[in-house]
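Working notes, beginning with the structure itself.
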Amino acid sequence: MAKEKYRTRQRMLLLKYLKEHEGEHFTASDLYLSFKGSADPIGRTTVYRQLEDMVSGGEVKKFIIDEST
């Protein structure tokens, strides 16, 4: 049986943001900065942890871009 993820407020805010910006490319750091000064700030560690959970669960795709090329 697969472990069900908690539906925290932060996770729901991240999912909402991702749906509203579908098709756009940004880094986890960009995502963190978009919430940093908002009424609902989300910590950097939480952003990274939630994104990794979403990737593992197939909810989002992760692309690794080598900026040196």
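The values are calculated or read from the model by the stated rules, or taken from the named source; none is laboratory data. Owing to the predicted nature of the structure, the values given are computational and were not obtained by experimental measurement. Counting neighbours? That spans all protein chains shown, and the Cβs are built from the backbone with ideal geometry, glycine included. Remember, those area values only see protein heavy atoms, side chains included, never the ligands or the DNA or RNA. Shrake-Rupley method; radii C 1.70, N 1.55, O 1.52, S 1.80 Å.
Laid out as a table, the results:
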{"quantity": "Considering residues of the stretch 27-69 that are assigned to a loop (DSSP other than H, G, I, E, B) and among the β-branched types (Val, Ile, Thr) only, the residue nearest to Thr8 (Cα to Cα)", "calculated": "Ile42"}
{"quantity": "Every pair of residues 6+ apart whose Cβ atoms lie under 7 Å, when the first sits in the stretch 15-31 and is within 13 Å of Met54 (Cβ to Cβ) while the second is of a type in the set (A, V, I, L, M) and part of a loop (DSSP other than H, G, I, E, B)", "calculated": "Leu18/Val60"}
{"quantity": "Within the stretch 27-68, tally of residues that are open to solvent by 70 Å² or more (accessible area, probe 1.4 Å) and of a type in the set (A, V, I, L, M)", "calculated": "4"}
{"quantity": "Qualifying residue in the stretch 4-22 (condition: among the polar types (S, T, N, Q), touching a helix residue (DSSP H, G or I) at 6+ places or on another chain (Cβ under 9 Å), open to solvent by 40 Å² or more (accessible area, probe 1.4 Å) and not in a loop (DSSP other than H, G, I, E, B))", "calculated": "yes"}
